[in-house]
1. May I ask you to derive the FRET efficiency for Arg315 and Asp219 from their Cβ-Cβ distance with R0 = 45 Å, giving the value to the nearest 0.05?
2. Just to be sure I understand the model, the point goes 7 Å from the Cα along the line to the Cβ. What's the resulting Thr271 to Glu27 distance in nm?
3. Could you give each residue of the stretch 85-97 its phi-based ³J(HN,Hα) in whole Hz, using Karplus coefficients 6.51, -1.76, 1.60 with θ = phi - 60°, and x for Gly or Pro?
4. How far is it, in nm, from the label point at Lys44 to the one at Val283 when both lie 7 Å from their Cα along the line to the Cβ?
5. Can you work out the accessible area per residue across the stretch 201-252, with the rest of the protein chains kept in place, probe 1.4 Å, in square angstrom?
Amino acid sequence: MNRIELIDKRELLKSEAEGIISAAETEKRTLTAEEDARVTAIGKEMDGIEGQLAELDATLKREFQNRGAGKKGAAGVEKRDFSLLRAISDVANGRPLSETETEVIEAGIEEMRKSAQPWGGQIVLPVSESRGAIQSTVATAGMENVQTDVLGIMSALRKRLVLVKAGASYLTGLSGNLSIPVYSGSNVAWASETGSASDGGGTFSEVTLSPKRLTAYLDISKQFLLQDSNDAESLLRSDLIRAVSEKLESTLLGGAAGTSTQPAGLFNVITPVSLTPSWDEIVDMEKTLEDANVYGPIVYLVNPSLKATLRTTARGMSGSSTSTGSSGDITVNTTTVNGFIYEHDEINGIRALVSNSVLADSLALGNFSDYVIGQWGGIDVTVDPYTQATKGVIRLVVNAYFDAKPRRAESFVTATV
């Protein structure tokens, strides 16, 4: 068994023993002979697992030190950071994971456990923003050229999501279903000097987020796995982030209905109005939010095809009519375009963000701080060296758990051509 399998077995044995003891305590009795024998056997088996883990740790430490000892002979310090590329290569080729890789993966597994989500891949990436680099004194002349930001996967994912750029809240480290309270506000009224105060209590409701599995895959060549550079590592992480973010946002900014396994798209939650498009319709969308007392950081999210249309759609026209004077002179009608709907990354002075994830020929306007994205656990990566083996390709199957909803539906308005 590898380290992860041993840890899982230890946890299962521990749960079994605790269950036997708890049952006896609940029934206010002592353990039966069979139960006592089983608990004793579990204790011995767990001791054996602890010994195997200690032996694995010692082996990994020796291997890690030997890797450095084979380098240049001058005394120095070798710095090793987690490398996703190296971890995938080790798994694909059946090599033992290094101490650094094992530590990071165990941190990811621990996050999955805390969030009560399953995992099945050989690599589980934690959502923690940073981890200290492991250093060991070895006979080497300098520092190994490695990626210095140990993980940073989730930070990069947030930066890529247009919803987060628009102001959406992104929550991590969740466990179980998340209920977010929504308060409608208070009722306030004038009263006479001695008059009774009216009930000022608003109403509470809640929005519930529950984990839903997002799965995607990407293929990388076996030749690419042979690379050992910062650029190759960066490219792999970028591709992983792109696979997750594109699948996530195309769903959240789509029009599909929500199910027990998939979040509802914003254009399903908020029924789109019909768009010609025209300047009057844009103004009406903004008026809808103002009538609902929605203020704050209002932002447009626009599909690229609709952006192209809005860049050539005039706000209005002005000009002079054709007329003939007494002397026979003719004044030719002239028309002037008074600006276009989409100009300088703005619509009517409101910031506009463009994304292919937005439903085709559609746009959304709203206060996106009232939109919440939740993530449970880390990112589970299964390394599959077999499915595409004849093509010399390794397939990475990625699983992560997300959900997202508006906290207040009135904070948004959507439109479709």
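The values are calculated or read from the model by the stated rules, or taken from the named source; none is laboratory data. What you are looking at is a predicted structure, and each value in this text was computed from that prediction instead of being measured. A quick note on method: Cβ atoms are made from the backbone with ideal geometry, for glycine too, and the neighbour counts reach across all protein chains shown. Surface areas here come from the heavy atoms of the whole protein model, side chains and all, with no ligands, DNA or RNA. Shrake-Rupley method; radii C 1.70, N 1.55, O 1.52, S 1.80 Å.
1. E(calc), rounded to 0.05, equals 0.45.
2. 5.9
3. Here the 3J(HN,Hα) series is 4, 5, 4, 5, 4, 5, 5, 5, 9, x, 8, x, 6 Hz.
4. 8.7
5. Each residue of the stretch 201-252 exposes 53 Å² on average to a 1.4 Å probe.
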